[in-house]
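Here the structure is laid out as structure tokens; the discussion comes afterwards.
The values are calculated or read from the model by the stated rules, or taken from the named source; none is laboratory data. The structure presented is a predicted model; accordingly, all values stated were derived computationally and were not measured. Every residue, glycine as well, gets a Cβ built from its backbone with ideal geometry; the counts of neighbours run over all protein chains shown.
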Amino acid sequence: MHTRLLLTLIAALPAAAPDTRPAPWAWIRVNNVGYLPQDPKIAVLSSRTPLSGRFEVGDFSADVGPDCGPWGPFEHNYRLDFTAQQTPGTYRVVCGEIVSPPFSIGPDAWREVPGRLLDFMRLQRCGDNPVVGRPFHRQDGIDTVTGRRVDLVGGWHDAADRLKHMITTTWCVAVLFLAGADDEARHGAALVRKIHPDPDTIYVQIGDDRDHLPPATLWHDDQSDYGWGKGGPRAAWPATGRPEGPKYRNASSGVASLAGRAAAAMALAGDLPTARSLYELALRRPGCAMSVPVRAPHYYGESTWHDDVEWAAVELFIATGRQRDLQDAVRFALEAGDNPWMGLDRHGHYEFFPYVNLAHWRLYPHADPQTRDRLAHFYRAGLERVVRRAEQNPYRLGTPLVWCSTNNVIALATQAVLYERMTGDRRFRTVAAEARDWIFGRNPWGVSMVIGVPAGGPCASKPHHMFHRLAGILPVGGLVDGPVSKDINDSLKFDDFGDDPLAEFQSQVAVYHDCYADFSTNEPIIDGTVSLLFLLHVWPSAGSF
Ligand SMILES: [Zn+2]
């Protein structure tokens with residue numbers, strides 16, 4: 001604690017104080033992974049002192065341009081646009097003695113990344129795990145209402161803990177199919193099929209935060225006791241449509257959010273009877289299913305559901321051609337409207353999950369011209385609100401710095417890319433590229449938020465994850481939660497961070513700690529990892545972009 005306080009004081013020293021250190025006093029932040037040749041490419045030069053002159057990227061050279069003013073930990077910021085450098089190769093941005101990390105430009109600049117993201121999902125597998133090489137969690141689970149045994153073996157552990165959230169699992173399955181990652185999608189789809197054993201039942205969660213009791217262990221050594229013995233069966237929580245929790249209660253109002261998204265996932269998996277049954281359950285039980293808090297008051301408070309039933313309806317239409325499903329999809333699309341978190345400074349934990357409404361994009365090619373205009377308008381309106389916020393800082397961050405902020409950043413980029421795909425309107429191409437670059441390291445810390453990516457480059461490398469802590473296995477490819485505003489971080493209780501090598505880049509605006517102890521900024525999450533896979537999948541690879 002004392003160490004952390006001291007570091008905070010050092011970071012808070014006014015930048016006007018004489019800087020007696022020879023270097024570094026300035027940093028060039030880039031996308032540490034790389035750029036496609038036609039991508040917009042804007043590095044950020046951040047400095048304690050005013051700078052002027054020219055910068056170089058290979059044979060490209062330009063003036064550093066105007067000072068964009070202070071933001072976060074930096075007094076002076078300059079946006080270095082080298083979009084014109086399109087020749088494939090490995091480069092650094094150089095400005096006098098200030099040099100960026102190396103990065104690639106080329107049509108295959110990200111070729112390794114999707115494989116790493118899927119490596120992380122395999123590490124997270126529950127039931128049978130190819131990394132661990134042995135079965136575990138084979139007794140999932142016991143229904144918390146009926147006390148009956150139900151087969152809910154499989155799926156993925158949500159994050160660093162060992163429990164399974166169907167709120168995120170349903171998203172992962174559907175999006176993995178849309179990203180062409182069928183093998184991993186099918187692994188999750190097998191569990192999503194089982195969470196709906198009869199027409200009126202859907203499970204929202206397997207295990208709960210009793211899992212967070214020490215000692216922390218690897219998946220296969222889990223000794224959590226849910227009341228049926230250490231390492232025994234785990235609690236299977238049905239979504240009841242009412243507020244749930246023995247001590248703290250969530251604000252559940254129905255099951256349509258979960259059932260709708262599960263229906264979309266099952267339609268994409270080709271299981272149309274299960275998809276249809278889930279969709280009908282969603283229509284009978286409008287409202288939102290939330291995760292269940294047991295020991296602590298935190299839960300996934302998803303509060304929107306029209307987007308999920310829209311998605312169910314459009315995937316059923318695509319699979320069956322049934323006109324009634326298309327009409328329903330259009331009706332729910334108009335109810336869902338534009339993206340409600342875009343333009344906000346704060347929102348609740350997973351309040352607006354999923355962070356991008358893929359149903360609008362899926363529906364667009366099948367809709368009448370008037371509906372198409374509405375769908376495009378919904379995407380554009382949200383993007384414009386984020387852009388207005390982003391233009392106020394040199395890093396062009398316009399998304400909220402709440403828990404799992406990387407989810408918001410990726411959703412912004414995804415919505416921008418899909419908007420261009422739908423309409424041909426290129427106005428948000430730079431928005432998409434700068435959001436992607438934030439994830440890959442063009443942020444105040446200079447750190448890629450994907451664990452171990454790029455290999456050997458600046459990236460998250462001490463994540464809040466048991467496999468690294470206990471077994472020395474780095475969960476490469478996991479996307480971490482990412483930065484949060486300092487007041488959010490300060491409100492949480494952590495074990496000692498130890499020395500923070502990023503201390504000078506922390507500020508009131510945002511903090512990010514590449515250390516095991518910080519579960520708010522450095523814990524990998526399955527939903528965000530899959531969302532990034534999808535973004536890279538839909539990113540225009542050549543030509544117009
Ligand atoms: Zn498990």
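Could you please let me know if GLY498 is assigned to a loop (DSSP other than H, G, I, E, B), on the phi > 0 side of the Ramachandran plot and either in contact with a Pro (Cβ under 7 Å, 6 or more places away or on another chain) or crowded, with 24+ Cβ neighbours inside 10 Å (or both)? Criteria not met by GLY498. Scanning the stretch 366-403 for residues being β-branched (Val, Ile, Thr) and touching a Leu at 6+ places or on another chain (Cβ under 8 Å) gives a total of 3. For the criterion of being within 26 Å of TRP27 (Cα to Cα), in contact (Cβ under 8 Å) with a residue 40 or more places away in the chain and more than 12 Å from the ligand (Cβ to nearest atom), GLY106 passes. Listed conditions (1) more than 16 Å from the ligand (Cβ to nearest atom); (2) surrounded by fewer than 21 Cβ atoms within 10 Å (Cβ to Cβ) are all met by LEU218, apart from (1).
Can you go through ASP225, ASP308, ASP211 and tell me which one is touching a helix residue (DSSP H, G or I) at 6+ places or on another chain (Cβ under 8 Å), within 16 Å of the ligand (Cβ to nearest atom) and without any contact (Cβ under 8 Å) to a residue 60 or more places away in the chain? Please lay out each step first, then the result.
Numbers: ASP308 fails: within 16 Å of the ligand (Cβ to nearest atom); ASP211 fails: touching a helix residue (DSSP H, G or I) at 6+ places or on another chain (Cβ under 8 Å).
Testing whether each residue is touching a helix residue (DSSP H, G or I) at 6+ places or on another chain (Cβ under 8 Å), within 16 Å of the ligand (Cβ to nearest atom) and without any contact (Cβ under 8 Å) to a residue 60 or more places away in the chain leaves just ASP225.
Criterion first (surrounded by 18 or more Cβ atoms within 10 Å (Cβ to Cβ), in contact with a Pro (Cβ under 7 Å, 6 or more places away or on another chain) and either within 20 Å of ALA179 (Cβ to Cβ) or of a type outside the set (S, T, N, Q) (or both)) does ILE98 satisfy it? Judged against the criteria, ILE98 is not a match. Name the residues in the stretch 140-165 that are near the ligand (Cβ under 10 Å from one of its atoms) and over 23 Å from the mean Cα position of the chain (by Cα), would you? ASP140, VAL153, listed by residue number. Of the strands (runs of 3 or more DSSP E) contained entirely in the stretch 48-87, those carrying at least 1 residues that are hydroxyl-bearing (Ser, Thr, Tyr) fall at 60-63, 76-81.
Residues that are in a loop (DSSP other than H, G, I, E, B), more than 16 Å from the ligand (Cβ to nearest atom), in contact with a Lys or Arg (Cβ under 9 Å, 6 or more places away or on another chain) and of a type in the set (Gly, Ala, Ser) are absent from the stretch 112-130 altogether.
Quick check, is HIS212 surrounded by fewer than 19 Cβ atoms within 10 Å (Cβ to Cβ) and under 20 Å from GLY301 (Cβ atoms)?
On the way: surrounded by fewer than 19 Cβ atoms within 10 Å (Cβ to Cβ): yes; under 20 Å from GLY301 (Cβ atoms): yes.
Against the criterion (surrounded by fewer than 19 Cβ atoms within 10 Å (Cβ to Cβ) and under 20 Å from GLY301 (Cβ atoms)), HIS212 qualifies.
Exactly one residue out of ALA264, ALA236, ALA251 is among the small types (Gly, Ala, Ser), in a helix (DSSP H, G or I) and modelled with pLDDT of 95 or more, and it is ALA264. In the set ASP481, ASP425, ASP437, only one residue is surrounded by fewer than 21 Cβ atoms within 10 Å (Cβ to Cβ) and among the charged types (D, E, K, R); that residue is ASP425.
More than 19 Å from the chain's Cα centre (by Cα), in contact (Cβ under 8 Å) with a residue 12 or more places away in the chain and part of a loop (DSSP other than H, G, I, E, B): does that describe SER520?
Working: more than 19 Å from the chain's Cα centre (by Cα): no; in contact (Cβ under 8 Å) with a residue 12 or more places away in the chain: yes; part of a loop (DSSP other than H, G, I, E, B): yes.
No, not satisfied.
Determine whether the stretch 493-510 contains at least one residue that is β-branched (Val, Ile, Thr), within 22 Å of GLY72 (Cα to Cα) and at pLDDT below 95. No, there is no match, as no residue in the stretch 493-510 is β-branched (Val, Ile, Thr), within 22 Å of GLY72 (Cα to Cα) and at pLDDT below 95.
Filtering the stretch 166-203 to residues that are under 20 Å from the mean Cα position of the chain (by Cα) and β-branched (Val, Ile, Thr) leaves ILE167, THR168, THR169, THR170, VAL173, VAL175. For the stretch 138-191, a residue qualifies if it is outside any loop (DSSP other than H, G, I, E, B) and closer than 22 Å to ALA216 by Cα, and the qualifying residues are TRP156, LYS164, HIS165.
Residues ALA411, ALA416, ALA455, ALA433: which one is in contact with a strand residue (DSSP E or B) (Cβ under 9 Å, 6 or more places away or on another chain) and either within 23 Å of ALA26 (Cα to Cα) or not polar (S, T, N, Q) (or both)?
Numbers: ALA411 fails: in contact with a strand residue (DSSP E or B) (Cβ under 9 Å, 6 or more places away or on another chain); ALA416 fails: in contact with a strand residue (DSSP E or B) (Cβ under 9 Å, 6 or more places away or on another chain); ALA455 fails: in contact with a strand residue (DSSP E or B) (Cβ under 9 Å, 6 or more places away or on another chain).
After applying the criteria, what remains is ALA433.
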